[in-house]
1. Counting other Cβ atoms within 10 Å, which trypsin sites (Lys or Arg not before Pro) in the chain have at most 13 and lie in a DSSP loop?
2. Under a 10 Å cutoff between Cα atoms, tell me which one of 23, 14, 40 has the largest fluctuation in the Gaussian network model of the chain.
3. Name the chymotrypsin sites (Phe, Trp or Tyr not before Pro) in the chain that are in a loop by DSSP and that have at most 11 other C-beta atoms within 10 Å, would you?
4. Once Cα extents along the principal axes in Å is worked out from the coordinates, which option in (1) 33, 29, 20; (2) 68, 27, 12; (3) 46, 25, 18 does it equal?
5. Using alpha-carbon pairs under 8 Å, 6+ residues apart, how would you state the relative contact order of the chain in percent?
6. Which is farthest toward the positive dipole end of the chain among 6, 25, 60, measuring Cα position about the Cα centre, with Cβ charges +1 (Lys, Arg) and -1 (Asp, Glu)?
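What follows draws every value from the coordinates through simple rules; no lab data is involved. Computed from a prediction, not measured in an experiment: that's the story for all the values here. Counting neighbours? That spans all protein chains shown, and the Cβs are built from the backbone with ideal geometry, glycine included.
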Amino acid sequence: MNRLISDTMSGVVLMGHGGPEMLQWRDDLPTPRPGPGDVLIRITAAAVNNTDVNTRLAWYSKG
């Protein structure tokens, strides 16, 4: 990749449905490689809202 872009990045990975203990901080995630017509942007912060929490809790898969 570009010499200014690392091959790995940091991020939080959801390991399964459940509480916050299912979130895992990783600093060895592969940096995505943009394809033709794509751009790669650096994110330093992201919001967490009710949809994110409900997805983690598997609320949407309940029938």
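1. Listed in order of number, the matching sites are 3, 42, 62.
2. 40
3. Within the chain, no chymotrypsin sites (Phe, Trp or Tyr not before Pro) qualify (loop, at most 11 other Cβ atoms within 10 Å).
4. Given (1) 33, 29, 20; (2) 68, 27, 12; (3) 46, 25, 18, the calculated one carries the label (3).
5. In percent, rounded to a whole number, it is 32.
6. Working it through, the farthest residue towards the positive pole turns out to be 60.
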